[in-house]
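The next block holds one structure in the form of structure tokens; read it before the comments.
The values are calculated or read from the model by the stated rules, or taken from the named source; none is laboratory data. Because the structure is predicted, anything quoted here is derived from the model rather than measured. Note that each Cβ is placed from the backbone with ideal geometry, even for glycine, and that neighbours are counted across all protein chains shown. Surface areas here come from the heavy atoms of the whole protein model, side chains and all, with no ligands, DNA or RNA. Shrake-Rupley method; radii C 1.70, N 1.55, O 1.52, S 1.80 Å.
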Amino acid sequence: MKSSRAYLNRIFEFVIEKAIFLAGILSIVFVFLIFLFLIKEGFSLFRTYSIFSFLFGTKWYPISSPPQFGIVPLLLGSVAVTLGAILIAVPLGIGSAIYIAEIAPRWLREILKATVEFLAAIPSIVLGFIGLVTLAPLVKKLFHLPTGLTALSGSIMLAFMAMPTIVSMMEDAFTAVPKSYREGALALGATRWEMIRRVLLPASASGMLAAIMLGIGRVIGETMAVLMITGNAARIPTGLTQPVRTMTATIAAEMGEAVQGGNHYFALFAIGIVLFIITFLINVTASFLVRSQRK
Amino acid sequence: MVDKAKIKIEIRNLSVFYGSLEVLKGVNLDVEEKEILAVIGPANSGKTSLLRTLNRLNERNEGFRMQGEILLDGRNIYKKYSSDDLRRVMGMIFALPVSLPLSIYDNIAYGPRLHGVKKKSELDPIVRQSLEAAFLWEEVKDRLNLPAMKLSGGQQQRLCIARTLAIEPEVILYDEPCSGLDPVSTTKVEEAMRQLKNQYTQILVTNNTKQAARVSDRTAFFLMGELIEIDRTEKIFTAPRDQRTDDYVTGRFG
Amino acid sequence: MERMQKQPVFFVWALILGLTLWALIFCPAQIQARSSAKHKCQTLQIKGSDTMVNLGQAWAEEFMRLHPTVHLAVTGGGSGTGIAAILAGTCDIAQSSRDLSQEEQESAKAANKIIMETPVAWDGIAVVVHTANPVSELTVKQLADIFTGTIQNWNEIGGNDLPILVLSRERNSGTHVFFLEHVLRGGNAKGTEEFAQTALMMPSSQSIVQEVETSEAAIGYVGVGYVTNRIKTIRVARDHNGPYLLPTLDAIQAGEYPIARPLLFLTLGESQGDIKSFIDFVLSPAGQEIVKALDFVPLEK
């Protein structure tokens, strides 16, 4: 009797163990398969179209004859929007993270943290829509532009999306700085701001960088909001107040009509590879920074 | 000691609360100028709370409240000083040596720089004098640019003392400064304290009654947030008035 | 030893578990597939142009009300999707806002399939600008120059000194393709003209209307159904001899408005049965009333 129960238990253990193992392996397998598929489809473009003209071409005319698949305008479009978003989100993010971690009283801190997390829960298309009807006209009016559908509007919108990531990760980094550092500085007669500037910020520098990197990762992959609000003109941007076309928006807008197995279709996958590599590098850098902070 | 010593710090009817918990109960205490006052007592006696109230670090704690008043040279420290001005006058040394994540030199120069001393020609002598006063100069003079974290625990604690001296305080508060140190380092820290006696008023919170006996001029015994007894150190250790003091210093509890 | 004995038992367990899961997941699907196959003969699949999807649905609803035994399923996806589906035999009628491309004609020929085109309505494309824009007449050639970026300022065509903000639909839109071929390339299928790089690619006709409403510099194109009185429609002429026409019902039906396109039903071979009666309904006065109601242009008055 007793031994048969032990036997059942052992089988149960075994099944659970293997099931968990399978689940773990599956996620790796899926990632690998997705990457493989991306590579296979993307590289098909380069059988008939030179990789050099793809990477360095300045014109994106995928349905002309002959088509031109130069991703420079799209790449720079993504960079412009992302850079703009980071320029806005980082100072704001640092400010609000410091306020939440160091200055706000506890009740307010809880409210603020919840609010920031709530911001993360707003679907990007909703933010995009709000941006389209409120932000774009405002940008147009403020800068006297022919249109509000510009990289700047996209940047502001994306800054909102990156903020939750940046704020909550930075707040963690600040909280991880030992209390003794703060008190050590304060005991020397440092004011709160001096303590923050001389002790808190240097001590959490790598955590802050990681937060920024992850914010960038979040922003560069964002699609719907930029599709709606950046104007999608595939030209090389020379300023933030111009319309730009990002890589993500291009894929989303053109995938529907691209003939499966055609060069346009392959080119969109090739853009996917470029995006994948960029976000991969960003994430690796971020996790490297997080790890180096833990040490 | 001098009978009519000048009073540096007056503590009047001080009660301190964390939320509903009363950690100090109506404490009256005078600290004389340039004495070393030891504060002893078992865990939860309120010793550390007293120090943190003295240099206003307690204000950072959630739910902190206090009654009564503390006068430094006759001025109420919660009303007549800003918290950072007060902490400049009342330096504090913590139980765990907290060297900032900077070089040895920058750790010492940190305070003076905060208060506007920027020139290297002015900083250099301050750094040297502070390190000498804390008995650390000889050990580190050739590697001032090394990260302070690389120093041993005892060296780091003396670095913290030197760092506090660099801002030229009038009072130094020690919160169990030797609790994490080996006997040799402890001796060196105690030696530094004795050397500083001529210039500074020092308050030493310690769990080590022997250390109190070795270093201090007077000793205050706290129990459950109350000041039980304060007197000349030899008296506390040889003929205390209160039975509970006697029990504690002879090691019968605590 | 003990362990070795128990291994096979274990595999039996795993097998049973696996089979149960398989049965749970797949069997209902198979049953469902079989039962839906039974009904399939009465369901007509209509697929294609996004421009036409609402129109197709309105026709289908009315037709199903009149013929309760027939079921019509209308989906979008783009003209290309519809054409691919009719060639693959996965739909019965493809809705298309353009002719078959050369590639598509070739693949039809290769599959030995004859595609029949039936025009079912007209779609006029209106060129729209801000109400405060003094320009009100343009030739097709001028439009081509504006949208390719040759003309960059309104003062080159009699307007204010203001850089032109060019708005186009995204490349996945049939309207984009039509405008590209019939305006930018002047009907020359082998043309290489393209939209200017500075042209904004808008995700929907509605967003073009919105942008034109607010920007004095903007020019865009939308189906006539999207025109509102808060934007100004340009009179368009084939060439500078005129006439300059608005995309009115009359002008489009008479074939005089230069940027209009027929909306097509594509079927395989001569249509019969339910397919034929649906197409007949669409072409009937009742069907053409629906065209008008949805702001498209009926074939005839």
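Below is a table of values for the structure above.
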quantity: Residue in segment A:218-237 that is within 13 Å of chain B (Cβ to nearest Cβ), of a type outside the set (A, V, I, L, M, F, W, C) and open to solvent by 20 Å² or more (accessible area, probe 1.4 Å) present; calculated: no
quantity: Matching residues in segment A:174-205 - criterion: being more than 7 Å from every other protein chain (Cβ to nearest Cβ) and open to solvent by less than 60 Å² (accessible area, probe 1.4 Å); calculated: A:Phe174, A:Val177, A:Pro178, A:Arg182, A:Met195, A:Ile196, A:Leu200, A:Leu201, A:Ser204, A:Ala205
quantity: Restricting segment A:19-63 to residues that are open to solvent by less than 50 Å² (accessible area, probe 1.4 Å) and within 14 Å of chain C (Cβ to nearest Cβ), the residue that is farthest from A:Ala253 (Cα to Cα); calculated: A:Gly57
quantity: Filtered residues of segment B:164-175 (kept if out of contact with any strand residue (DSSP E or B) (no Cβ under 7 Å at 6 or more places or on another chain) and either open to solvent by less than 10 Å² (accessible area, probe 1.4 Å) or hydrophobic (A, V, I, L, M, F, W, C) (or both)); calculated: B:Leu165, B:Ala166
quantity: Residues that are open to solvent by 20 Å² or more (accessible area, probe 1.4 Å) and either of a type in the set (Phe, Trp, Tyr) or touching a strand residue (DSSP E or B) at 6+ places or on another chain (Cβ under 6 Å) (or both), drawn from segment C:75-112; calculated: C:Thr75, C:Asp92
quantity: In segment B:75-92, the residues that are within 13 Å of chain A (Cβ to nearest Cβ) and surrounded by 13 or more Cβ atoms within 10 Å (Cβ to Cβ); calculated: B:Tyr81, B:Ser83, B:Asp84, B:Asp85, B:Leu86, B:Arg87, B:Arg88, B:Val89, B:Met90, B:Gly91, B:Met92
quantity: Enumeration of residues in segment B:54-74 that are open to solvent by less than 10 Å² (accessible area, probe 1.4 Å) and not polar (S, T, N, Q); calculated: B:Leu54, B:Leu57, B:Ile70, B:Leu72
quantity: Residues of segment B:213-222 satisfying the condition of being buried (at least 21 other Cβ atoms within 10 Å of the Cβ) and either farther than 28 Å from B:Glu22 by Cβ or at pLDDT below 90 (or both); calculated: B:Val215
quantity: Criterion (more than 24 Å from the chain's Cα centre (by Cα) and closer than 21 Å to C:Phe195 by Cα) met by exactly one of A:Ala233, A:Ala258; calculated: A:Ala258
quantity: Residue within segment A:68-76 that is open to solvent by 40 Å² or more (accessible area, probe 1.4 Å) and not in a helix (DSSP H, G or I) present; calculated: yes
quantity: Pick from segment A:119-129, criterion farther than 24 Å from A:Met213 by Cβ and within 14 Å of chain C (Cβ to nearest Cβ), ranking: least open to solvent (accessible area, probe 1.4 Å); calculated: A:Ile125
quantity: All positions within segment A:118-128 that are without any contact (Cβ under 8 Å) to a residue 40 or more places away in the chain and either in contact with a Pro (Cβ under 9 Å, 6 or more places away or on another chain) or not assigned by TED's automatic domain parsing to the domain that holds A:Glu222 (or both); calculated: A:Phe118, A:Ala121
quantity: Set C:Gly255, C:Gly269: member being at positive phi, open to solvent by 30 Å² or more (accessible area, probe 1.4 Å) and not aromatic (Phe, Trp, Tyr); calculated: C:Gly255
quantity: Helices (runs of 4 or more DSSP H) wholly inside segment C:197-301 containing at least 1 residues that are touching a Phe, Trp or Tyr at 6+ places or on another chain (Cβ under 6 Å) and at pLDDT below 85; calculated: C:205-214
quantity: Qualifying positions in segment B:133-159 - within 14 Å of chain A (Cβ to nearest Cβ) and open to solvent by 10 Å² or more (accessible area, probe 1.4 Å); calculated: B:Pro147, B:Met149, B:Gly153, B:Gln156
quantity: Qualifying residue in segment A:77-95 (condition: within 14 Å of another protein chain (Cβ to nearest Cβ) and within 25 Å of C:Leu165 (Cβ to Cβ)); calculated: yes
quantity: Any chance B:Leu51 is more than 9 Å from every other protein chain (Cβ to nearest Cβ), crowded, with 23+ Cβ neighbours inside 10 Å, not in a loop (DSSP other than H, G, I, E, B) and not β-branched (Val, Ile, Thr); calculated: yes
quantity: Unmet requirement for A:Ala267, which otherwise passes all of (1) of a type in the set (Gly, Ala, Ser); (2) within 14 Å of chain B (Cβ to nearest Cβ); (3) over 30 Å from B:Cys160 (Cα atoms); calculated: (2)
quantity: Pairs with Cβ under 9 Å, 6+ apart, first in segment C:112-134 and assigned to a strand (DSSP E or B), second among the aromatic types (Phe, Trp, Tyr) and open to solvent by 70 Å² or more (accessible area, probe 1.4 Å); calculated: C:Ala126/C:Tyr226; C:Val128/C:Tyr226
quantity: Residue check, C:Val140 open to solvent by 10 Å² or more (accessible area, probe 1.4 Å), away from every other protein chain (no Cβ under 14 Å), touching a Gly at 6+ places or on another chain (Cβ under 9 Å) and closer than 27 Å to C:Glu289 by Cβ; calculated: no
quantity: Options A:Thr115, A:Thr134: the member that is surrounded by fewer than 22 Cβ atoms within 10 Å (Cβ to Cβ), over 22 Å from the mean Cα position of the chain (by Cα) and assigned by TED's automatic domain parsing to the domain that holds A:Met208; calculated: A:Thr134
quantity: Some residue of segment A:160-171 being charged (D, E, K, R), modelled with pLDDT of 90 or more and either under 30 Å from C:Val129 (Cα atoms) or under 23 Å from the mean Cα position of the chain (by Cα) (or both); calculated: yes
quantity: In segment C:186-233, residue farthest from the chain's Cα centre (by Cα) [restricted to those that are more than 9 Å from chain A (Cβ to nearest Cβ) and within 19 Å of A:Thr250 (Cβ to Cβ)]; calculated: C:Ile208
quantity: Subset of segment A:238-273 (residues that are free of Cβ contacts under 8 Å to residues at least 12 places away in the same chain and polar (S, T, N, Q)); calculated: A:Thr238, A:Gln260
